[in-house]
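Peer 1: Here it is, the structure, as structure tokens.
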Amino acid sequence: MAQALLKKLGIPHPILQAPMAGVSTPELAAAVSNAGGLGALGLGASSAQKAAEQIRQTRKLTCAPFNVNLFCHRPARANPEREAAWLTHLAPYFATLGSTPPKTLQEPYQSFIGNSEMLKVILEEKPAVLSFHFGLPDQPTITALKDAGITLLATATNLAEARLAEEAGIDALIAQGVEAGGHRGVFEPEIDQEIGTLALVRLLSCQYSLPIIAAGGIMDGAGIQATFSLGASAVQMGTAFILCPESAANDAYRTALQNKGGLNTAITTNISGRPARGITNCFYHDLDQNAPLRPEYPICYSAGKALAAAATDAGSEDFSVQWAGQGAPLARALPAAELITTLVAELEACR
């Protein structure tokens, strides 16, 4: 099954770079793909026009396949009272930074669900691979994408999500364990079974026939081999690529990852309204105290981004958004191509 998946993806090595919206770049995606892995663009928070530009820019840098990732979250429902209560809760934290919260919150980007402009771009650009996070688009959309010859991947964090993906005709599952950095791919943010990567890979491999791509806490060849022994056909790695010079991570993010910050990660809904794992700071603990209900994702993210920007303007790292998985201390500052070569060599040594 592993060779069949690699053939379908058009890559020689079983290593996928996680999309990581905000961190991935055309340069990173191209470098990974040119080295024989599957590079990726995280376009879930992009407009249709921006998505087209990113895909075209990546194509100028590589002739190899790459993955485009989109968000399929439930479209946000505005709730002015709930949003006002959250902004009131955040006001003292803005004040310590010499700032004030925004007066209102807006939905910063659309879900791919019902987004006809994004669908048009994808069908015109025809990336080799398209992956979904937070859920699945409707069946007519999936059918149109498959008819266009696009290989489809979907994140699953539990058995129920995997079943929905298989029934929808998805080509392979990304088994995201709770160790993974960034946003949890749960279809329903209120329901997270928090299954670890190894357990999830084994559960899915025993119950479903689709190829499995393991994700979460995988940082080296030994980790890759461990998932293969449990039934995975490939791996998706995100935190491992953050320190690559081709990523968009800023200096503070890189420093935190390389210092003790990488040892301390946790999951919070305070930043975006959906559970996501990152390097801990005031977002993760302070904001929990006497907190009201958070606005829905991604409306809540508007507040999180505003607070992070206020902190940056004040020269503070207390509210930096630095997504990272539990394997962060194992991250290596290598060019993406060299990292792929190193991982392949480590994997071969484990076999």
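The values are calculated or read from the model by the stated rules, or taken from the named source; none is laboratory data. All values derive from a computational prediction rather than experimental measurement. In this analysis, Cβ positions are derived from the backbone assuming ideal geometry, glycine residues included, and neighbour counts consider all displayed protein chains. For the accessible areas, the whole protein counts, side chains as well, though only heavy atoms, and no ligand, DNA or RNA atoms are used. Shrake-Rupley method; radii C 1.70, N 1.55, O 1.52, S 1.80 Å.
Peer 1: Within region 46-83, track down each residue that is modelled with pLDDT of 95 or more, among the small types (Gly, Ala, Ser) and either surrounded by 16 or more Cβ atoms within 10 Å (Cβ to Cβ) or touching a strand residue (DSSP E or B) at 6+ places or on another chain (Cβ under 7 Å) (or both).
Peer 2: Answer for region 46-83, where residues must be modelled with pLDDT of 95 or more, among the small types (Gly, Ala, Ser) and either surrounded by 16 or more Cβ atoms within 10 Å (Cβ to Cβ) or touching a strand residue (DSSP E or B) at 6+ places or on another chain (Cβ under 7 Å) (or both): SER46, ALA48, ALA51, ALA52, ALA64.
Peer 1: Another question, then. Looking only at region 175-227, count how many residues are within 20 Å of LEU152 (Cα to Cα), open to solvent by 10 Å² or more (accessible area, probe 1.4 Å) and hydrophobic (A, V, I, L, M, F, W, C).
Peer 2: Residues flagged as within 20 Å of LEU152 (Cα to Cα), open to solvent by 10 Å² or more (accessible area, probe 1.4 Å) and hydrophobic (A, V, I, L, M, F, W, C) within region 175-227 amount to 2.
Peer 1: Also: Scan (1) without any contact (Cβ under 8 Å) to a residue 24 or more places away in the chain; (2) closer than 28 Å to LEU119 by Cβ; (3) surrounded by fewer than 18 Cβ atoms within 10 Å (Cβ to Cβ) for the single condition ALA148 breaks and write down its number.
Peer 2: So the condition that ALA148 fails would be (1).
Peer 1: Can you pull out the residues in region 195-231 that are in contact (Cβ under 8 Å) with a residue 60 or more places away in the chain and hydrophobic (A, V, I, L, M, F, W, C)?
Peer 2: ILE213, ALA215, ILE218, MET219, ALA222, ILE224, PHE228
Peer 1: Which condition from (1) touching a Phe, Trp or Tyr at 6+ places or on another chain (Cβ under 9 Å); (2) closer than 17 Å to GLY196 by Cα; (3) buried (at least 18 other Cβ atoms within 10 Å of the Cβ) is the one that ALA266 breaks?
Peer 2: (3)
Peer 1: On to the next question. With under 21 Å from the mean Cα position of the chain (by Cα) and over 29 Å from ALA349 (Cβ atoms) as the only criterion, which of GLU194, GLU167, GLU125, GLU179 stands out?
Peer 2: Just one listed residue meets the conditions, GLU194.
Peer 1: Same structure again: Please go through region 208-243 and give me each residue that is at pLDDT 95 or above and polar (S, T, N, Q), ordered by number.
Peer 2: GLN225, THR227, SER229, SER233, GLN236, THR239
Peer 1: Report yes if some residue within region 310-319 is touching a residue at least 12 places away in the same chain (Cβ under 8 Å) and crowded, with 24+ Cβ neighbours inside 10 Å; otherwise report no.
Peer 2: Yes, region 310-319 contains at least one residue that is touching a residue at least 12 places away in the same chain (Cβ under 8 Å) and crowded, with 24+ Cβ neighbours inside 10 Å.
Peer 1: Restricting the search to region 139-194, which residues are modelled with pLDDT of 95 or more, hydrophobic (A, V, I, L, M, F, W, C) and assigned to a loop (DSSP other than H, G, I, E, B)?
Peer 2: The answer is ALA148, ILE150, ILE170, VAL178, ALA180, VAL186, PHE187.
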